[in-house]
Structure formats: structure tokens, C-alpha cells
2 protein chains.
Amino acid sequence: MEYFSSDFILGILGGGQLGKMLLYETRKWDIGTKVMDASDEAPCKIACNEFVKGSLLDFKAVYDFGKNVDVLTIEIENVNLDALEKLEEEGKKVYPPTKALRIIQNKAKQKLFYVDNGIPTAEFHRFAYKSEIADSINNGGLEFPFIWKAAQFGYDGQGVKVVRKLEDLEGLPSGECIAEEMVNFKNELAVIVARNVSGEVKTYPVVEMEFHPEANQVEYVICPARIDDKVALKAREIALKVSEKIQHVGLLAVEMFQTHDDKILVNEVAPRPHNSGHYSIEASYTNQFEQHLRAILDLPLGNTDNKVAGIMVNLVGAEGHTGKVVYENIGEIMRMEGVTPHIYGKKQTRPFRKMGHVTIVNKNIAEARTIAQQVKEKIKVISN
Amino acid sequence: MEYFSSDFILGILGGGQLGKMLLYETRKWDIGTKVMDASDEAPCKIACNEFVKGSLLDFKAVYDFGKNVDVLTIEIENVNLDALEKLEEEGKKVYPPTKALRIIQNKAKQKLFYVDNGIPTAEFHRFAYKSEIADSINNGGLEFPFIWKAAQFGYDGQGVKVVRKLEDLEGLPSGECIAEEMVNFKNELAVIVARNVSGEVKTYPVVEMEFHPEANQVEYVICPARIDDKVALKAREIALKVSEKIQHVGLLAVEMFQTHDDKILVNEVAPRPHNSGHYSIEASYTNQFEQHLRAILDLPLGNTDNKVAGIMVNLVGAEGHTGKVVYENIGEIMRMEGVTPHIYGKKQTRPFRKMGHVTIVNKNIAEARTIAQQVKEKIKVISN
């Protein structure tokens, strides 16, 4: 199949920032694209060859969209899987495959999958309804504190909450959920695994993450993680095992905890380019978006090594600001060494909304970390 | 001025591959763009916010286009300068400024500018008409061989010819031209200088170029040039001097000869992102397109150093192939270490047409050079 400057069309479900960054790569290779998103203001609206407005959860919309592309991929996993399955049955190339998405889309299923496949993960209970949680506590089956997670449709810290007392459950959705042990971890790590259609597999270096304590969004992603080589190797091996068992095609971002006794527990996975891989645009030989394309088009995978160390800082909307976005002091941070801002193109900011990210690269990781902190202290995403 | 996710509009005259790569950066920063090009099939047609079809040499088209943007830049220097001048007079920000473009657009003027400013350049004669060349030869004023260059509108090896005998002039345009001494050089070098509106200036490392002997198009661009540090310093100093004298804003690519006795002679300049800077997308801390944007928007300039060594190979249409393009063996080259193809999006190939380029990066420049040759031997731009 000819992909380059040909009639080939890649379909992308979802038109957010991940899709937008994927489009840099389709443009680089002149690969034709069609994007579907529910919003007319989707960041992907320009730079794709055709934009279709439609709900990603609607069977007919997804099916009709998929019929008219050559390969179908996603930039968000909350899509109608029945439509994908029907397309697959009819011979359409859907990557990641629906089977992998079914495991991942539901967090309860995902956790059971880890257990079934001998993949280390935190202890958890699964509940069909939130109301069952209180019973479980009363019966001594569950203890505070724990992490409540909605089984479906959580995103960017939505659908996740630390529960320290019964009242913390108030206001949360009532549906299927899990209650997960709060892991007392030393580090949060992630490994991105790429797997192409032919089964070639590569892992990116381990990254180290720091989360904002309340918003449950990443503050710094540091690559390579400043951890022991043996722990890094173990993390890559476990990520490879998840990848092998889940049989995805494309990228799989595997988020993990490193415990104080250096155990690795898999937290959750995403079968697509991931926030924890944004550093790769500036730091890696092959960035994650190009790698995702290589994988789903069954091209040879590229080198996943770093050219230089990379640190990523999310640009999230400041508290107290809702409205037309202004990136305060963005010129100031561009004066700093090795700093590249990425602006996703959302015109309206609100507290904790992911509006962009900044990458800091440097040959010296400690120097990069110092600059990253300066970036974080300087730039503010506000409204005017 | 707010540029990021604002109502600001950058106008770009020209919709070719340089504009297309510039658009990756405007997308990265969500800077609104309007592009004008004469062709409906311009590579820039997608990824800009608005595309206008119009002739770049037409006064009214350029003027009307420029009226409706906030800052106006170019990706090709053959544009109507009277229109730019009028826009400037009316207060529009035009970068590079018309004055710099007037010097550059006409190669005879450009050469006189070097002489007037004490910038070393090859000996030359200027002729108002081609017919004057024969007279000059007959009078002993000019000797074979020399390089004939059309004063205006040459591009990518068009408008340049080695003349070894009178008959070589046949078929060339009859208008203003120069006859330039053939420099017996050791290396062809280039230095890109960035200058922002406030006058901050940075130079990129020296690159070394190898040209195809007939097509007069670059075969390899190697960064950093494998030359003596003193020569590299001299080349950067001379490039800085040209930049200072010409008072451009944005990038200035300065092409130079290194003679056998290590003199540096300026060959010609381009006031925009340049083929000799494409390596920077993968190899540099700040690629040339981002740097051009930073410069014309008066943002701080980024680090021009290399993360790793970079070599660029042009993908030009193979001889004997005209028609719908096919990139033969592109999958094979993607299997090689540190190789990134760029496809410009021209659907039709023809002999020597610039269809794309391939960048090879590596920590070891000799290794990169070996791989670059393998790339060149493997990939072919053919028609099907």
C-alpha cells in the first residue's frame, strides 16, 4: 500500500490535542486524513484533509465514518466499540483492535485483565454500583482510604477520587466503579510501548511523573526517569508483558507505580499517544506520534532513544480563570534554554483544563529540571 | 500583542514546502495564518486557517492579501515588492522588510551590495542583456568558463548555468544577468542567521553542502560542517556581517564558498527558511521554521545548537519519471537508524523536482554520513 502522497486515507476518531499532534506527522508524510469529533472547535479541525462532526459514542456516526477510510485509529479511547467491531468484521483495519479497546475502556475489566495475566497491579474491588461501596465498608471488605475510579469514561483526572471517608463519595456518579488500594509509592513511572501490525515491538525509556496533588494531573514528566537501571529494566519488561498480552497495535502507554521496596505495579494503560510521551517530540529520535503512525501503517518502528533529556510541563488553566485564554509570560519562558511551548488551540480556558504543554530539553537532566521549575513558576494560563 | 490562540493573523506569501513546514510551527503555537499561492495544489493549502489563491507577482493580489493580516512574511522571495512597500508605508509589519528583499531579489543588485559593503564574493560582471556577454568576451573583458545567472526569478537551480563556450548561452533568457567567476572551491558552506524585530541575532552552525553536478541541486547538507574551527568561525562572522548590513528580520541563509586557501566568499543569500536548514527540524534545539516565527514575531530567539549531528538528503524526482509520484523503498529507509522522511505533498513528480527530503541524525557524524549514502542509494522518487 502506498501511503505517501497517495489516495490512502487514515481515519482518526477524536479531534483533540493528541490528534492535532498526530496530524503534524501525517502532514510531514503527506498522508491523507479524515477526523471525526463532536466539537466544531476541535483542535484537529485544520490540518486534516476532511473534518466530520459527529459523536464518537454514536454507533452510526462511527460506523459511517469508518466505512470511508482505509485505516481507522483513535486519539481517545472513549469511542463506540460496537461500531468498530462491525467495521473489523467487515474487513476494515482498526488499530488498536476493538478487543484491546474493550479491555482498556472499562477500568474494572482492565484490572481483571491484569489479574488474569499475572501482571502486578494494586489490590482492588469492583462494584456494579457506587451504593455497594458502603456495604463493603460496613462488612469490613474495604477500608479507607482508597481510590474510587469510575469504570468508564474518566479522562484527565475526571472519574478518579481519593476517598478517605464516606462523605467523599457524595456527588460521584453512581455506576460501575472500582475501589483501589492507595499505593504508597516512591515514584510514578510510565513506559510507552510501540507495536506495529507485523508484531515488531519497541519500548521508550521509562519516564517519571509528578502529579498535582488535587487536580490529579501530571505536573512534570521526566525522561529518562532518575531511577535505578534495574528498576527501569523491570518497568520496561512489565510494560512489554502488558503489550504482549493485550495485543494492541499502535502505542500503549503503561502507567506504573514504583513501591518503596522497588516493586512495579501497573496502574493503567492507554492505547494511543499519551501525555507522558509528549517530551518525545523534542527529545526522542522518533516522537510518539510518528511512532504511532509507523505502527498502525505497519512501517518499521523508529529508534525510541532520547537525543537529549526531556521534561514536560503541562499547561493547565489557572484556578479562578474562565474565559478567553491568555498565556501570560510565554515570551519569558521562550527566553529560557531549550524551552518549547505547545499550544493546543482551545480558545477558552477553565481551571485545570489542559491547554498545552512545555517541553524542556537539555543534555543535562538536572539542568533541565531546574529550568522546568522556572517555566512552571513563570507561565500562567489565565483569561483576559 | 497576543499571538497564541488569539485573533492575530500571520500572512504568508507562498504556499510551497517551506510554508508547509512553517505551518507545523504555527499549528504548534496555535497562531492564525493566511496563505496566498497561485496554485490550488499548494502544499500549504491545508493546515493554514485560510488559503487565498492569487499571483505572488501581482500588485493588487499581494496588496489586498497583506491588508488583511497582522504581520506579513514570505516563503519565497519572488513576490511583488511594490505592493510590500506600499503596505509598509501604510504601517503594516512586513518581515523581511522590502528594502532587504529588493537587494536580494535581483542577483546583480545583491552582488553589488556585497562589493559596496566589503563582503567577500566571487568576481562578476553585470549585463543588462544576455547579448552583451558575447561583446564582453570578444573585447577580452570576460573569459570562459563562468557562471551565468539570471538577475531575477531563478529558483532551485533554474536561472543558473555553467558556460564553457558561447553556444552554452543558447536558449537562456535574454534579460539582465551576471557572469560570475567559477570559484575553485574546497567546500560549499552555508550559515543561517536569525534576527528578530528587536535586533537579537543568532547564527546556526556552519553546514557543508554537496551539489548534484548537473541539476545544481543540493545532494547532502551536513551539519556541523566537517571543517576547521577557525574556518567555521570566519564563516559565521561573515554571515553575521551580511545579516547586519542587509538588516533583514527573520532568517537569512548565507551560502558561501570555502576556497583552497581557506578564504570565504559569499555566494548568495535567501531571506527565509532554507533548504540548507531542513536538518534543523530533527537535529537542532530550535528548528529554522520555529526560529523564523520567533524572529518575525519579535519573540526571544531559541538555541541554534545541534542536539545531534544532522544530514539532509533532498528527494528529487528521478530522471525519466513524470507523473503520479511513488516513493520507492521509503519503508526500507525508515528501517535505518535515525532516518526521517519529509514528503512535501506534490502529487506529480518530474525529473529533478524537489519532492521531499530525508534527515539522518546520529550522535556520530561519520555514522550519519554512511546512513545518508544508504538512504540515497535506496530511495527513488518515481512515477507509477
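We did not get these values from a lab; they are worked out from the coordinates using the rules stated. Everything numeric in this text was worked out from a predicted model, so none of it was measured. Please note: Cβ atoms are built from the backbone with ideal geometry, for glycine as well, and neighbour counts cover all protein chains shown.
Rounded if a/c is under 1.5, else prolate if a/b is larger than b/c, else oblate: which is the protein assembly as shown, with a ≥ b ≥ c the root eigenvalues of its Cα gyration tensor?
prolate
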Checklist entry - In whole angstrom, and with the biggest value first, how far do the Cα coordinates of chain A range along each principal axis? => result 63, 53, 46
Checklist entry - Of the listed peptides B:303-313, A:135-145, what is their order by residue-averaged count of other C-beta atoms within 10 Å, with the highest listed first? => result B:303-313, A:135-145
Checklist outcome for this item: Relative contact order as a percentage, the stretch B:229-293, C-alpha pairs under 8 Å and 6+ apart, gives 26
Checklist entry - Taking springs between alpha-carbon atoms closer than 10 angstrom, which of A:11, A:66, A:323 fluctuates most in the Gaussian network model of chain A? => result A:323
Checklist entry - ³J(HN,Hα) across the stretch B:349-355 via Karplus (A = 6.51, B = -1.76, C = 1.60, θ = phi - 60°), whole Hz, x for Gly/Pro? => result 9, 8, x, 6, 5, 6, 9
Next on the checklist: Can you give the local net charge around residue B:37? Use residues other than it whose beta-carbon is closer than 14 angstrom to its beta-carbon, Lys and Arg +1, Asp and Glu -1.
Outcome noted: 0
Checklist entry - In cubic angstrom, how much convex hull volume per residue do the alpha carbon atoms of the stretch A:123-181 span? => result 72
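Over the whole of B:2-10, what's the average partner chain Cβ count within 10 Å per residue? Rounded to a whole number, please.
Mean partner-chain Cβ count within 10 Å for B:2-10: 5.
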Item to check | Ascending list, in nanometres, of distances separating the residue B:347 label from those of the other copies (7 Å, Cα toward Cβ) | outcome: 3.2
Item to check | For A:303-314, mean number of other protein chain Cβ atoms within 10 Å | outcome: 2
Next on the checklist: Counting other beta carbons within 10 Å of each residue's own, what order do A:334, A:1, B:36 fall into, fewest first?
Outcome noted: A:1, A:334, B:36
Next on the checklist: Need the list of lysines near residue A:165 for cross-linking: C-alpha distance under 30 angstrom, and skip anything on the same chain fewer than eight residues off.
Outcome noted: A:107, A:109, A:111, A:130, A:149, A:186, A:263, A:354
Checklist outcome for this item: Quick calc, the protein assembly as shown, dipole around Cα centre from Cβ unit charges on Lys, Arg (+) and Asp, Glu (-), nearest 20 debye, gives 140
Next on the checklist: Tell me the relative contact order for chain B as a rounded percent, counting alpha carbon contacts under 8 Å between residues six or more apart.
Outcome noted: 13
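Where Lys and Arg each count +1 and Asp and Glu each count -1, what net charge lies around residue A:112 among other residues with Cβ under 15 Å from its Cβ?
Value of the local net charge: +3.
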Next on the checklist: I'd like to know which of B:54, A:338, B:220 lies farthest towards the positive end of the charge dipole of the protein assembly as shown, counting +1 on Cβ of Lys and Arg and -1 on Cβ of Asp and Glu.
Outcome noted: B:54
Checklist entry - What size of dipole, in debye to the nearest 20, comes out for the stretch A:123-181 about its Cα centre when the only charges are +1 on Lys and Arg C-beta atoms and -1 on Asp and Glu C-beta atoms? => result 80
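Evaluated at 20 °C with a viscosity of 1.002 mPa s, what Stokes-Einstein diffusion coefficient in µm²/s does the stretch B:34-173 have when Rh comes from the Kirkwood expression over alpha-carbon pairs?
123
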Checklist entry - Taking the label point 7 Å from Cα in the Cβ direction, how far apart in nm is residue B:82 from each other copy of itself, listed shortest first? => result 6.7
Checklist entry - At residue B:136, label 7 Å along Cα→Cβ: distances to the other copies, nm, ascending? => result 8.8
Item to check | Size-normalised alpha-carbon gyration radius of the stretch B:238-278, reference 2.2 N^0.38 Å | outcome: 1.21
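I'm a student and want to see the number: the projected area of the Cα convex hull of the stretch B:87-169, averaged over all directions, in nm².
For the stretch B:87-169, averaging the hull's shadow over all directions gives 7.1 nm².
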Checklist outcome for this item: The set of residues whose placed amide H lies less than 5 Å from the amide H of residue A:9, leaving out same-chain residues fewer than 5 positions away, is A:70, A:71
Item to check | Distance between the stretch B:38-56 and the stretch A:327-347 - C-alpha centres, whole angstrom | outcome: 28
Item to check | Residue exposure sequence - B:39, A:6 - by fewest surrounding Cβ within 10 Å | outcome: B:39, A:6
Checklist entry - What number, in percent, do you get for the relative contact order of the stretch B:185-383 if the mean sequence gap of Cα pairs under 8 Å and at least 6 apart is divided by its residue count? => result 20
Next on the checklist: Whole angstrom only: what separates the Cα centroid of the stretch B:63-121 from the Cα centroid of the stretch B:164-209?
Outcome noted: 18
Next on the checklist: Just checking the output field for A:129-142: average partner chain Cβ neighbours within 10 Å of each residue's Cβ?
Outcome noted: 0
Checklist entry - Out of residues 5 or more away from residue B:355 or on other chains, whose amide H comes under 5 Å of its own, with H placed 1.01 Å from N in the peptide plane? => result B:315, B:316, B:317
Item to check | Shape category assigned to the stretch B:124-228 from the gyration tensor of Cα positions, a/c cut at 1.5 | outcome: prolate
Checklist entry - So for the stretch A:195-290, what are the equivalent ellipsoid semi-axes in whole Å, largest first, each being the square root of 5 times an eigenvalue of the Cα gyration tensor? => result 21, 17, 13
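Rounded, prolate or oblate: which fits the stretch B:9-94 when a ≥ b ≥ c are the square roots of the eigenvalues of the alpha-carbon gyration tensor, with rounded for a/c under 1.5 and prolate only if a/b beats b/c?
Oblate shape, in that a/c is at least 1.5 and b/c is the bigger or equal ratio.
What fraction, in whole percent, of alpha-carbon pairs in the stretch A:185-383 exceed 31 Å separation? Display every interim value, and only then the final one.
Values: 3621 of 19701 pairs.
Percent of Cα pairs beyond 31 Å in the stretch A:185-383: 18.
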Item to check | Label-zone membership for the stretch B:272-304, site residue A:367, 7 angstrom Cα→C-beta point, backbone N under 12 Å | outcome: none
